[in-house]
Amino acid sequence: MTTEAKPVLDGRIPAGPMADKWELCQRELKLVAPTNKRKYDIIVVGTGLAGGSAAASLAELGYNVKAFCFQDSARRAHSIAAQGGINAAKNYQNDGDSVWRLFYDTIKGGDFRSREANVYRLAQLSANIIDQCVAQGVPFAREYGGVLANRTFGGVQVSRTFYARGQTGQQLLLGAYSALMRQVNLGKVKMFPRREMLDLVVVDGVARGIICRNLVNGQIETYAAHAVLLCTGGYGNAYYLSTNAKGCNVTAAWRAYKRGAMFANPCYTQIHPTCIPVTGEYQSKLTLMSESLRNDGRVWVPLKADDTRSPEQIPEAERDYYLERRYPSYGNMAPRDVASRAAKERCDAGFGVGSSKQAVYLDFTAAIQRDGESTVRAKYGNLFDMYQKITAEDPYKSPMRIYPAIHYTMGGLWVDYYLQSNVPGLFVLGEANFSDHGANRLGASALMQGLADGYFVVPNTVADHLATRKLTPVSTDHPEFRRCQEETTNRIKKLLSISGKRTVESFHRALGKILWEYCGMSRSAKGLEVAIQKIRGLRTEFWQDVRVLGASNNFNQDLEHAGRVADFLEFGEVLAQDALTRNESCGGHFREEYQTKDNDTLRDDQNFQHVAAWEYAGENAPAVRRTEPLEFTEVKPTQRSYK
Amino acid sequence: MSDTLNLTLKVWRQASPSAPGEFKTYKVYDISTHMSFLEMLDVLNEDLISKGEEPIAFDHDCREGICGSCSLMINGQAHGPDRTTTTCQLHMRRFRSGDMIVIEPWRARAFPVIRDLVVDRSAFDRIMTAGGYVSVNTGNAVDGNAVLVPKQNADKAFASATCIGCGACVAACKNASAMLFVSAKVSQFALLPQGQPERSQRVEAMVAKMDEEGFGGCTNTNECEAACPAGITVDNIARLNREYIRATLTAE
Ligand SMILES: Cc1cc2nc3c(=O)[nH]c(=O)nc-3n(C[C@H](O)[C@H](O)[C@H](O)COP(=O)(O)OP(=O)(O)OC[C@H]3O[C@@H](n4cnc5c(N)ncnc54)[C@H](O)[C@@H]3O)c2cc1C
Ligand code: FES
């Protein structure tokens, strides 16, 4: 592995005091005159919070936007499933919140592995997001006086989270979707649903278009533009079982990587502490129980190992509220990585509950006694219903059983301060980029980031790209489009021609097991080396023995899945390689060799206070590791403490 | 008590929009009662692939009842027998060993079949395009607390806004009417101050588009409410009717 020898990456952080950087940057950005905007075509792949908000805002400005998603409607992007809420530094509660505090919490929550300037801008923009969504008619929760309500999320000590019961993502996405549909009506956005992006087209070093498969008729389509925005979400499904939707994939990002875009920090994956545990081999996904539940739920396990009594039979004195015990000042609101590891530690030590012993209790008895069942129902009704539907147990009567699961990915395509990747003209937004959450994301901050990127950052920075770069006219007749189209077609033919014995699903499951075992909540050099060997073996087997039925020229879901699994099999190796190379623990990346005596992460700022960005070096060559050093001028990196 | 089921499935198979479709019968064995309905179909599909038969196509994504992708008429009921439950959240403990289950796509003129159990619901997007929004550009907003919204109104607007756009209301209705879907969006905005400026245009444009797309009229059989996985009530339809009358009466 080539390390550090290459020139370091430049995040292009604007000069000036932290609080003025974005303002100063905007002053310097070149503009596109209103009458010229209609001359530019912009491709937006993905219609989640990031893509939906970007496509709508760019169209409002006058650009011609083409928006793509693989679902049958833009409204179904996985942002729809976000439950708990969205942060904003409004300080409506008068509890000492500020832009600076939101910035600080996010930097600390990310275990000092994110770029200060991006995070500061995010905190500054957070308040505008709430205003914009309210103006769109997003029905946030309100108090009796008519003002907006707030709740608390993990890793912070203020109440700054705005919410719409347990369906915040749904309401925010429908807001962005409605803005998008309005632009479709005005003719400024053309929507392309049921399309899967399968390649990025780079002409003269600049991103100029995409290759898509029309998922209804199987046609391989080409689209050209002056800029391409990838807003394609996270790669949690590499682990097979996750809280992501079944269609979530790394394909768009991975194809861009293979065309030169760098992939940053793939090993930073978030494992959410409160998900419904696995029950059987047939299980197709895991369901999140929102972090907001920890506002009122208390996490515990029996004090005695292998206690088989039902939770009601275990008296108060024989329970271990281990988060409250270990982290008295944050208690049940400790950040996700900390809470997940603590659950694993208890279960591994034999204190787990339920038939699998891989679960802990999340108990609402105290809240129900204090506030009454109807209050608890008003706050979390839909989550309790979901729990009951899946488990057939009533969480109003007995505690939920929960266990950590893969949920979010902090890593993603590398972008500079302008959200532009190292390939000019390729911008990356939302969960698909790596930018703001360092090694661990705090709750309610992904929705904030996606919308900040799409509503407020990219509409400014794309203009600068269009105004300053000489963009020669490029149409889909350009040889590079033809070449990429042909490569895509050949790859599909190859997948269909193998006619092996093993299903796509079984390969995906097998990859997920490898990653979860060796690259999940805790990792070691030895384990990661094993993982890399196993992934390579599985990938070879895939290309020899996978069975994909049907044809390329019609609706074929198995073929779609096959392409995504093929990419996960390549990507998984880089993920493991990144984890192996990062010889420290930080946030969600926990290397057993590097821990404090209390089982907390032990960073190595001397050697690893940087972003690791992987560059594609060819089919059979190992990826090249580049770095972007991280400088902290506002917050001094310390050992994170939530005690 | 047995924890597994053996079932007979009659599933609609249709190779393409123009191909004739037919029911095919499949047997599945040892289905865990903890499985979701879609996981049961996954098991069947794995089995079909291993036998060299193409798997059954069905729409799904989030598998937690919120994205509105999944559909299916299960024994003649949209999303199956459980109230306020999507197919992806329906669990096999609801069935008995030996049951025969008939699985069909949504059937409506405005929702043509694409393949097997997958239909084209883009008509819903076109209705939204006609007026399902507040016309406010990014950057135009005032402070979120500048306009107060009484909690009761905010809660009611939220209840209407939780529609997942799955199309069960249309599938359950003998007239294939989209009134519940349209009324949910019209209600959300009619209940909020942000929706007032375009209140009349919105309802007129959305209703006109709904008719144009080939959805049927509403004859108050309330099957839509019974089938709705998001619990959208027919009160919304009553409000839609009032909004529509108000808009047409006050038209200049
Ligand atoms: C269950 C759950 C609950 C969550 N709760 C919260 C919360 O309370 N607060 C919070 O802040 N965050 C939460 N998160 C995280 C947050 O929801 C996501 O990080 C965020 O919504 C991602 O938005 P996005 O726009 O980047 O991507 P997505 O919403 O995932 O959208 C991706 C888009 O890209 C398209 N796409 C993907 N690949 C392709 C391709 N190859 N070709 C064409 N189109 C493609 C998809 O069709 C889709 O439109 C939650 C996440 C989950 C899973
Ligand atoms: S798959 Fe999303 S609602 Fe059923």
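Given R0 = 41 Å, the distance between the Cβ atoms of A:Lys470 and A:Lys493 translates into a calculated FRET efficiency of 0.65. Accessible surface buried by the A/B pair amounts to about 6000 Å², both sides summed, 1.4 Å probe. Within the listed set B:Ala159, B:Ala208, B:Ala226, the residue fluctuating most in the Gaussian network model of chain B (springs between alpha-carbon atoms under 10 angstrom) is B:Ala208. Kirkwood radius for segment A:243-360, taken over all pairs of different Cα atoms as the inverse mean of 1/r, rounds to 16.6 Å.
Relative to the longest principal axis of the Cα atoms of chain A, the long axis of helix A:49-61 lies at roughly 40 degrees. Structural descriptor for segment B:1-57: relative contact order 30 percent, calculated from alpha carbon pairs under 8 angstrom and at least 6 residues apart. With the helix formula -39500 (n - 2.57) applied to DSSP H stretches of n ≥ 4, chain A reaches a computed 222 nm mean residue ellipticity of -11000 deg cm²/dmol. Dimensions of segment B:58-161 along the principal axes, based on C-alpha atoms and rounded to the nearest Å, stand at 60, 29, 20, largest first. Peptide packing: for A:271-281, B:191-201, A:80-90, the average count of neighbouring Cβ atoms within 10 Å per residue gives the ranking A:80-90, A:271-281, B:191-201, highest mean first. Overall, the protein assembly as shown carries a charge dipole of about 760 debye about its Cα centre when +1 sits on the Cβ of Lys and Arg and -1 on the Cβ of Asp and Glu, all other atoms neutral. Work out, in µm²/s and without decimals, the Stokes-Einstein translational diffusion coefficient of segment B:190-251 at 25 °C, 0.890 mPa s, Rh from Kirkwood over C-alpha pairs. Estimated via Stokes-Einstein, D reaches 189 µm²/s.
Taking every DSSP bridge with both residues inside the protein assembly as shown, close to 70 percent are antiparallel. The contact residues of segment A:477-509, meaning those that lose at least 40 Å² of 1.4 Å-probe accessible area when all protein chains sit together rather than their chain alone, are A:Thr503. Measuring nothing but alpha carbons in segment A:479-608 and taking Rh as the Kirkwood radius, the Rg to Rh ratio lands at 1.12. Amide H contacts for A:Leu215 (H built 1.01 Å from N in the peptide plane; partners 5 or more residues away or on another chain; cut-off under 5 Å): A:Arg195, A:Glu196.
Across segment A:90-103, computed HN-Hα scalar couplings (Karplus, 6.51 cos²θ - 1.76 cosθ + 1.60, θ = phi - 60°) run 8, 6, 5, 8, 6, 9, x, 7, 6, 4, 4, 5, 5, 4 Hz from first to last residue, x flagging Gly and Pro. Taking every C-alpha pair closer than 8 Å and separated by at least 6 residues, the mean separation divided by the residue count of segment A:479-608 gives a relative contact order of 29 percent. Rounded to the nearest percent, how much of the accessible area of the protein assembly as shown (1.4 Å probe, protein heavy atoms only) is carbon and sulfur? On the protein assembly as shown, the fraction of accessible area on carbon and sulfur atoms equals 49 percent. Helix-only arithmetic for chain B: the sum of -39500 (n - 2.57) across DSSP H runs with n ≥ 4, divided by the residue total, places the mean residue ellipticity at 222 nm at -10500 deg cm²/dmol.
The residues of the protein assembly as shown have, on average, 34 Å² of accessible surface per residue, using a 1.4 Å probe with all protein chains present. Here the simple spin-label model places points 7 Å from the Cα toward Cβ, and for B:Asp47 and A:Asp20 these points are separated by 7.1 nm. With R₀ fixed at 22 Å, the C-beta to C-beta distance from A:Arg259 to A:Asn36 puts the FRET efficiency at about 0.20. With a Förster radius of 22 Å applied to the C-beta separation of A:Tyr396 and A:Arg325, the computed FRET efficiency comes to 0.25.
Phi angles of segment A:121-128 translate, via the Karplus equation with coefficients 6.51, -1.76, 1.60 and θ = phi - 60°, into HN-Hα couplings of 4, 4, 5, 5, 7, 4, 5, 4 Hz per residue; Gly and Pro are given as x.
Pairs exceeding 32 Å between alpha-carbon atoms, taken from A:Lys66/B:Lys151; A:Lys513/B:Lys10; A:Lys534/B:Lys51: A:Lys66/B:Lys151; A:Lys513/B:Lys10.
More than 26 Å apart: what percent of Cα pairs in segment A:400-532 qualify? Counting pairs separated by more than 26 Å, the tail of P(r) holds 53 percent.
Entry note, chain A: relative contact order of 21 percent, from Cα contacts under 8 Å with a spacing of 6+ residues.
Provide, for q = 0.10, 0.12, 0.15 Å⁻¹, the log10 of I(q)/I(0) from a solvent-free Debye sum over equal Cα point scatterers in chain B. Results for chain B at q = 0.10, 0.12, 0.15 Å⁻¹ read -0.55, -0.75, -1.03. Dividing the radius of gyration of the alpha carbons in segment B:122-249 by their Kirkwood radius gives 0.97 for Rg/Rh. The orientation-averaged projection of the convex hull spanning the C-alpha atoms of segment A:78-136 amounts to 5.1 square nanometres.
A simple rule links phi to the HN-Hα coupling: the Karplus curve 6.51 cos²θ - 1.76 cosθ + 1.60 with θ = phi - 60°, which for segment A:302-314 gives x, 5, 9, 5, 6, 6, 9, 5, 6, x, 5, 7, 9 Hz, with x for Gly and Pro. Report the Stokes-Einstein translational diffusion coefficient (µm² s⁻¹, integer) for the protein assembly as shown, Rh taken as the Kirkwood radius over Cα pairs, at 20 °C with viscosity 1.002 mPa s. Approximately 78 µm²/s, per Stokes-Einstein.
The values are calculated or read from the model by the stated rules, or taken from the named source; none is laboratory data. It should be emphasised that the depicted structure is a prediction, and the values quoted were computed from it without experimental measurement. Because the Cβ atoms are built from the backbone with ideal geometry, glycine has one as well, and the counts that use them run over all protein chains shown. Ligands, DNA and RNA are excluded from the accessible area calculation, which covers all protein heavy atoms including side chains. Shrake-Rupley method; radii C 1.70, N 1.55, O 1.52, S 1.80 Å.
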